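Report on the following structure.
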Amino acid sequence: MNAPTLAALLALLLVPLSSSQDPAAPASEAGVPAEVRTPEALIDAVYERVSFPAGETPDWDAVRALMLPEALIVQPGARGRGVRPMDVEGFVQVFVGDIERLDMSAVGFQERVVSKDVTQFGDVASALVVFEARMLSGPGSRAQRGLDCFHLVRKDDRWWIASIATQFAVPGDPIPEHLLPADER
């Protein structure tokens, strides 16, 4: 093949590559709910959806809609020791059991973000989130802090939770200082 023919062939092959959209760039945001457009928004949505006022409970289908069906949730085991891995349905059932056991629906429940550190690279993101969980009144209304470690992925033009691992702060094992808000360090 002569040089001009080779150059023309290469030019034809490269044109589609140079004019195509970057595969890591987000697709059109039309039709994609705001709460799943960014890792930060997705994380905020999780805490909003598991929180509820007195007399209500979470919309579990809305919680499930934030997670990949294969998502892995890892929570502390009994008395905060060890780990308890579960799938999304296991997480929902444990949470429902806690709501019933502690009569949380009578008083309401809130989880809120204290601080978050999100790192994104292309279609993956990780986040360390310091949170506070508390019942809205009664003996469980004292806030308990913990740390959630999220792995998030972008798939089908939106962000999904791939995994969450949780650890609660306990005496002698506090939240690492560098993860706390600046005014608490």
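The values are calculated or read from the model by the stated rules, or taken from the named source; none is laboratory data. Since this is a predicted model, take the numbers as computed values, not measurements. In this analysis, Cβ positions are derived from the backbone assuming ideal geometry, glycine residues included, and neighbour counts consider all displayed protein chains. Remember, those area values only see protein heavy atoms, side chains included, never the ligands or the DNA or RNA. Shrake-Rupley method; radii C 1.70, N 1.55, O 1.52, S 1.80 Å.
For segment 129-145, the criterion of a residue being more than 17 Å from S51 (Cβ to Cβ) and under 22 Å from the mean Cα position of the chain (by Cα) is satisfied by no position.
Evaluation of K155 against the conditions (1) surrounded by 16 or more Cβ atoms within 10 Å (Cβ to Cβ); (2) closer than 18 Å to V63 by Cα; (3) of a type in the set (K, R) shows that the sole unmet condition is (1). The conditions of being open to solvent by 70 Å² or more (accessible area, probe 1.4 Å), modelled with pLDDT of 95 or more and not in a loop (DSSP other than H, G, I, E, B) are met by E48.
Only one residue in A34, A25, A62, A30 is within 20 Å of A125 (Cβ to Cβ) and at pLDDT 50 or above, so which one is that?
Only one candidate passes the filter, namely A34.
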